[in-house]
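Written out below as structure tokens is the structure these notes cover.
The values are calculated or read from the model by the stated rules, or taken from the named source; none is laboratory data. Here the structure is a predicted model, which means the values were calculated and not measured. Note: ideal-geometry Cβ built from the backbone for every residue, glycine included; neighbour counts use all protein chains shown. These area figures cover heavy atoms from the full protein model, side chains too; ligands, DNA and RNA do not enter into them. Shrake-Rupley method; radii C 1.70, N 1.55, O 1.52, S 1.80 Å.
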Amino acid sequence: MKRAAARRRHRPAPAPKAPREADPYWRLATLAVLHWGAIQKPEELSSLCRLVHRLQADTVLEVGTALGGTFYCWIQIASPDALLLSVDLPHGSYSARHGDPETTPERLRAAAKPGQRTHFIRCDSHDSNTLEQTKAELGGREVDFLFIDGDHTYEGVRSDFEMYAPLVRDGGVVAFHDVVMHLPSALCEVRQLWQELKPVYKEHWEFIDRSYEPDICGIGAIRIHR
């Protein structure tokens, strides 16, 4: 008994946790927010980046790019020869409040890896012609990861999901921004769709940081199984 007690007394203390600044996903998310205009919470975005990185995505589609902060993240964590597509209405009612997105494609093309291809479809995501143009750019490829962060009305986000989620491969991931309950004045209704999808897609994740401004943001993601 005395020997056992001595061993317990001399057991080394557990190693301290690494600071979050040492987490490459947190650093990437913070860079996206501070320097690329991502309208995100770093804790939430870093968790999504970690999930997407595990997909080893070759094909990424983003609906709603604005200044390009989240698209910059996908560039960094997608495969070196990935195809990355953006569908965005540059001066839609949401993006126009957060800066001028006219230079977004040029900036993101410059940030892409040498073997990556980036395409920017600057049209209304709800237009059937936009969907056909997206399919043409994909050239028969299935999407590994779809990020929806465009029209935040219930009808708008549902339309984006119904139009573009069928392009995602079996086992791929679809993620939505702004899934928490927002104040009515925010005119954000993504949560309504998110609450409908969760019971249908059993494999899903929520990344919600309520440490500040609890009534904004939140990311939800689902795994597509066909």
- Scanning region 152-194 residue by residue, those over 19 Å from residue 60 (Cβ atoms) and of a type in the set (Asp, Glu) turn out to be 155, 162, 178, 189
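So that you can scan it fast, the table gives a plain yes or no per residue for (1) surrounded by 17 or more Cβ atoms within 10 Å (Cβ to Cβ); (2) in contact (Cβ under 8 Å) with a residue 12 or more places away in the chain; (3) small (Gly, Ala, Ser):
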site: 138; (1), (2), (3): no, yes, no
site: 143; (1), (2), (3): yes, yes, no
site: 152; (1), (2), (3): yes, yes, no
site: 162; (1), (2), (3): no, no, no
site: 166; (1), (2), (3): no, no, no
site: 172; (1), (2), (3): yes, yes, yes
site: 176; (1), (2), (3): yes, yes, no
site: 180; (1), (2), (3): yes, yes, no
site: 186; (1), (2), (3): no, yes, yes
- Would you mention how many residues in region 17-28 are part of a helix (DSSP H, G or I) and over 15 Å from residue 111 (Cα atoms)? 7
- Message: Looking only at region 205-222, how many residues end up being outside any loop (DSSP other than H, G, I, E, B) and open to solvent by 70 Å² or more (accessible area, probe 1.4 Å)?
- Response: 1
- Return the only residue of 161, 145 being under 15 Å from the mean Cα position of the chain (by Cα), in a helix (DSSP H, G or I) and at pLDDT 95 or above. 161
- Log entry, pairs with first residue in region 23-34 being without any contact (Cβ under 8 Å) to a residue 60 or more places away in the chain, second being open to solvent by 40 Å² or more (accessible area, probe 1.4 Å) and not hydroxyl-bearing (Ser, Thr, Tyr), beta carbons closer than 6 Å, six or more apart or on different chains, reads 25/50; 26/20; 28/76
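Restricting to region 127-174, name every residue that is aromatic (Phe, Trp, Tyr) and more than 16 Å from residue 86 (Cβ to Cβ).
Narrowing region 127-174 to residues aromatic (Phe, Trp, Tyr): 145, 147, 154, 161, 164.
Residues satisfying the conditions are 154, 161.
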- Considering region 120-136 alone, what residues qualify as being under 24 Å from residue 224 (Cα atoms), surrounded by 16 or more Cβ atoms within 10 Å (Cβ to Cβ) and not aliphatic (A, V, I, L, M)? 125, 126, 130, 133, 134
- Could you grab the pairs with beta carbons closer than 7 Å, sequence gap of 6+ or different chains, first residue in region 99-112 and polar (S, T, N, Q), second one part of a loop (DSSP other than H, G, I, E, B)? 104/65; 104/67; 104/68
- Query: When the residues of region 15-39 are filtered to those that are in contact with an Asp or Glu (Cβ under 9 Å, 6 or more places away or on another chain) and at pLDDT 95 or above, which remaining residue is surrounded by the most Cβ atoms within 10 Å (Cβ to Cβ)?
  - Reply: 29
- Task: Determine, yes or no, whether residue 93 is open to solvent by 10 Å² or more (accessible area, probe 1.4 Å), modelled with pLDDT under 95, over 29 Å from residue 20 (Cα atoms) and out of contact with any His (no Cβ under 6 Å at 6 or more places or on another chain).
- Result: yes
- Task: Select from region 101-119 the residues that are open to solvent by 70 Å² or more (accessible area, probe 1.4 Å) and part of a strand (DSSP E or B) and list them in ascending order.
- Result: 117
